[in-house]
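Peer 1: Could you have a look at this structure, given as structure tokens, before my questions?
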Amino acid sequence: MLGGMDWLDLLQWPAMVVTVLAAWLVASSLKRRRLVGFWIFLLSNVLWIAWGLHSHAWALVFLQVCLAAMNIRGARKAEPA
């Protein structure tokens, strides 16, 4: 506990920063940055899921699973055949 706050409560802040960074990278015109952004988005999904489970934010957990699935689907469809 940190002054009455569980350390997992603080996880929302790095999750938010990672999500914003991922969005910035995915919006890049450079393929390498977009790929890095994809993996960082998946990391942000994991962070949000961890925080959501801890906070009993079930809708957020479900949202993150759906977003991760859609990002993976999109990445697969975007790869050259």
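Peer 1: Using beta carbons and a limit of 7 Å, which pairs, at least six apart or on different chains, have the first residue in the stretch 34-50 and farther than 14 Å from TRP24 by Cβ and the second one among the small types (Gly, Ala, Ser)?
Peer 2: From residues that are farther than 14 Å from TRP24 by Cβ, the pairs are LEU42/ALA68; ASN45/ALA68; LEU47/ALA15; TRP48/ALA15.
Peer 1: Of all residues in the stretch 17-33, which are within 20 Å of ILE72 (Cα to Cα) and free of Cβ contacts under 8 Å to residues at least 12 places away in the same chain?
Peer 2: From the stretch 17-33, those within 20 Å of ILE72 (Cα to Cα) are 18-33; that's our starting set.
Result: VAL20, ALA27, SER28, SER29, LEU30, LYS31, ARG32, ARG33.
Peer 1: Also: Considering only helices (runs of 4 or more DSSP H) fully contained in the chain, which possess at least 3 residues that are among the aromatic types (Phe, Trp, Tyr)? Break it down into steps so the answer makes sense when it comes.
Peer 2: On the way: elements: 12-26, 31-55, 58-78.
Passing ranges, in order: 31-55.
Peer 1: Could you list, in sequence order, all residues of the stretch 21-31 that are surrounded by fewer than 12 Cβ atoms within 10 Å (Cβ to Cβ) and either among the aliphatic types (A, V, I, L, M) or within 12 Å of the chain's Cα centre (by Cα) (or both)?
Peer 2: ALA27, LEU30
Peer 1: While we're looking at this one, here's another question. What about ASN71, is it modelled with pLDDT of 95 or more and not acidic (Asp, Glu)? Working first, answer last.
Peer 2: Values: modelled with pLDDT of 95 or more: no; not acidic (Asp, Glu): yes.
No, not satisfied.
Peer 1: Take the residues in the stretch 32-55 that are more than 11 Å from LEU21 (Cβ to Cβ) and of a type in the set (S, T, N, Q), then tell me which one is surrounded by the most Cβ atoms within 10 Å (Cβ to Cβ).
Peer 2: Among residues in the stretch 32-55 that are more than 11 Å from LEU21 (Cβ to Cβ) and of a type in the set (S, T, N, Q), the one surrounded by the most Cβ atoms within 10 Å (Cβ to Cβ) is ASN45.
The values are calculated or read from the model by the stated rules, or taken from the named source; none is laboratory data. As the structure is a computational prediction, the values presented were derived from the model and not from experiment. Neighbour counts are summed over all protein chains in view; Cβ atoms, including those assigned to glycine, are modelled from backbone coordinates with ideal geometry.
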